[in-house]
Amino acid sequence: MSQITEETVERDSYQLTASDRCDSCGAQAYIRVAIGDSELLFCAHHGRRHQEKLEAIATEWLDESSRLLESNNA
C-alpha cells in the first residue's frame with residue numbers, strides 16, 4: 001500500500017461543505033478520511049491529532065484545511 005502524504009487527494013466533484021461535521025467534536029469538517037467503504041470527517045484540529053494513526057490505514061485523504069487560511073485573509 002502506498003503511503004498517504006499531506007497532499008490533498010481530491011475527488012472530481014467532492015468538496016466538504018458547512019454541513020459536514022467533525023466526528024469527534026461536531027465542528028465544521030475540513031478533513032475527510034476514507035477507509036475502505038467507510039469515511040471519517042474531522043475538523044482541522046482532530047484531523048491533525050489522528051493523522052499519524054489514520055495514514056497507516058487510509059485509502060483516501062482529503063484535506064481542505066487550507067480553506068481556513070483563505071477565509072481569514074478575505
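The values are calculated or read from the model by the stated rules, or taken from the named source; none is laboratory data. Every value quoted in this text rests on a predicted model; they were computed, and no experiment measured them. Don't worry about glycine lacking a Cβ; one is built from the backbone with ideal geometry, like all the others, and counts go over all protein chains shown.
Taken over the range 43-53, the criterion of being surrounded by fewer than 19 Cβ atoms within 10 Å (Cβ to Cβ) and either touching a helix residue (DSSP H, G or I) at 6+ places or on another chain (Cβ under 8 Å) or of a type in the set (S, T, N, Q) (or both) is satisfied by GLN51 alone.
The rows are residues; the columns are (1) at pLDDT 95 or above; (2) surrounded by 14 or more Cβ atoms within 10 Å (Cβ to Cβ); (3) among the hydrophobic types (A, V, I, L, M, F, W, C).
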site: GLY26; (1), (2), (3): yes, no, no
site: VAL33; (1), (2), (3): yes, yes, yes
site: LEU41; (1), (2), (3): yes, yes, yes
site: GLU55; (1), (2), (3): no, yes, no
site: ALA58; (1), (2), (3): yes, yes, yes
site: ARG67; (1), (2), (3): no, yes, no
site: ALA74; (1), (2), (3): no, no, yes
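Taking the range 52-74 as the range and being among the polar types (S, T, N, Q) and over 14 Å from CYS22 (Cβ atoms) as the test, the residues that pass are THR59, SER66, SER71, ASN72, ASN73.
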